[in-house]
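Every number in this text was worked out from the coordinates using simple rules, so none of it is lab data. Note that the structure is predicted; figures quoted are calculated from it, not measured. Heads up, the Cβs are rebuilt from the backbone with ideal geometry, glycines too, and the neighbour counts pull from every protein chain shown.
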Amino acid sequence: MTAADSYFVDFRDVWLAYNEELLAKNHFAVEAIDLQIRQGEFIAIVGPSGCGKSTFMKLATGLKMPSMGKILIDSKPVTGPLKISGMAFQAPSLLPWRTTVDNVLLPLEIVEPHRSQFKQKRKEYEARARALLQKVGLGGYEDKFPWQLSGGMQQRASICRALIHEPKMLLLDEPFGALDAFTREELWCILRDLQAEQKFNVILVTHDLRESVFLADTVYVMSKSPGRFVVRRDIELPRPRDLEITYTKEFTDIVHELRGHIGAMRKSGAPIQQ
């Protein structure tokens, strides 16, 4: 097996302009993205608003095709939306007329091969959904409706929905941004434990530098638009990480270092190098 084959996500000199007119003018949303992520790795992407983090996520899920370059995921070229990924966003967007467990089951009703088996396997799938809800602390809330859940509970259900079809990759776009600090830290620990147990890849887009350092194996800093990765920082803090580590000098030094990179970009407007 070559080194290239061992990467689960492989971006090779990827550029994206949102339409032909912008492409003709060389106006790119992201440019020169080279990124290789190993199987089971947890990465976080940070950077100023509008730098292209969400655009990168669309490329990683196959919702957008690059204008130039090549993307391989799980050793296969990306040609359209991926079935092997799950996604969760800042807004949980649960369907108000469905119970928590029925919201979690939704991907299995939509995505093949589960869709065609859903009626026959309904009991098995529902047992899986209830077990997942128990793991994230929603035992007893499975049959409640979204309006009966707090924001943090809704976000837990949203993560369960993203994981119910057992994806190989979880993409998270500011998933905890709207929550209070205490709830956010609780959810960091839930995500940490789920990923340690199931070993799926995670790509987390966040503005929260503490969150990125606590959760990720590697943090990437994106420059202002057109977005490109300008800093890669391996987080060599031992796992499993407890919240206590966030109060150590070792942890806060990394957070300050990343904040310095982003601050320097804001001042200069020019990409910085590691």
Subject >> Highest average packing first - 118-125, 71-78, Cβ atoms within 10 Å >> reply: 71-78, 118-125
Original post:
Given H placed on each backbone N at 1.01 Å, which residues far from Val231 in sequence or on other chains put an amide H within less than 5 Å of it?
Top reply: Val221
Original post:
Under a plain spin-label model, where a point goes 7 Å from the Cα along Cα-to-Cβ, how far apart in nm are Glu197 and Lys76?
Top reply: 2.7 nm
Original post:
Residue farthest toward the positive end of the dipole of region 130-218, with Cβ of Lys/Arg at +1 and Asp/Glu at -1: which of Ser150, Gly177, Val205?
Top reply: Ser150
Original post:
What do you get for Rg/Rh over region 125-166 if you use C-alpha atoms and the Kirkwood form of Rh?
Top reply: 0.92
Original post:
Normalised by the residues of region 1-146, what does the relative contact order come to in percent, with Cα pairs under 8 Å and at least six apart?
Top reply: 21 percent
Original post:
Considering amide H positions built from the backbone, and no H for Pro or chain starts, which residues 5 or more places from Phe42, or on another chain, come under 5 Å of its amide H?
Top reply: Val202, Asp217, Thr218
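Normalised radius of gyration for the chain, please: alpha carbon Rg relative to 2.2 N^0.38 Å, two decimal places. Before the final figure, lay out each step's value.
Numbers: Rg = 19.1 Å, N = 274, 2.2 N^0.38 = 18.6 Å.
My calculation over the Cα atoms of the chain gives 1.03.
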**OP:** Sort 150-160, 171-181 for me by packing, meaning the mean count of neighbouring Cβ atoms within 10 Å per residue, highest on top.
**Re:** 150-160, 171-181
Subject >> Globularity index of region 210-253, i.e. its alpha-carbon radius of gyration over 2.2 N^0.38 Å >> reply: 1.31
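With each run of n ≥ 4 DSSP H residues scored as -39500 (n - 2.57), what mean residue ellipticity at 222 nm is computed for the chain after dividing by its residue count and rounding to the nearest 500 deg cm²/dmol?
Dividing the helical sum by the residues of the chain leaves -12000 deg cm²/dmol.
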Original post:
Nearest 20 debye, what's the magnitude of the dipole of region 5-155 about its Cα centre given +1 on Lys and Arg Cβ and -1 on Asp and Glu Cβ?
Top reply: 480 debye
Original post:
Under the classification rounded if a/c is under 1.5, otherwise prolate if a/b is larger than b/c and oblate if not, where does region 39-185 fall, given a ≥ b ≥ c as square roots of the Cα gyration tensor eigenvalues?
Top reply: oblate
**OP:** List, in order, the whole-Hz ³J(HN,Hα) value for each residue of region 41-53 obtained from phi through the Karplus relation with A = 6.51, B = -1.76, C = 1.60 and θ = phi - 60°; use x for Gly and Pro.
**Re:** 7, 10, 10, 10, 10, 10, x, x, 4, x, 8, x, 4
**OP:** Provide, in order from the shortest bin, the percent of all Cα-Cα pairs of region 161-274 in each 10 Å bin, continuing until the bin that contains the maximum pair distance.
**Re:** 12, 43, 34, 11, 0
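Could you give the C-alpha radius of gyration of region 97-166 expressed as a fraction of 2.2 N^0.38 Å, taking N as the number of residues it contains?
Numbers: Rg = 11.3 Å, N = 70, 2.2 N^0.38 = 11.1 Å.
Rg over 2.2 N^0.38 Å, computed on Cα atoms: 1.03.
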**OP:** Would you mind working out the magnitude of the charge dipole of the chain relative to its Cα centre, with +1 at each Lys and Arg C-beta and -1 at each Asp and Glu C-beta, to the nearest 20 Debye?
**Re:** 500 debye
Original post:
Using the alpha-carbon centroid of each, what span in Å lies between region 60-75 and region 142-193?
Top reply: 26 Å
Original post:
Within the chain, what percent of beta bridges assigned by DSSP are antiparallel, to the nearest 5?
Top reply: 50 percent
**OP:** Enumerate the aspartates and glutamates that Lys123 could reach by cross-link, defined here as Cα to Cα under 18 Å, with residues fewer than 8 away along the same chain left out.
**Re:** Asp102, Glu109, Glu112, Glu142, Asp143, Glu166
Original post:
Does a label point 7 Å from the Cα of Glu250, set along Cα-to-beta-carbon, have any residues of region 219-244 with amide nitrogen under 14 Å, and which are they?
Top reply: 235-244
Subject >> Top positive-direction residue, dipole computed over the chain with Cβ charges, set Gly137, Pro240, Pro113 >> reply: Pro113
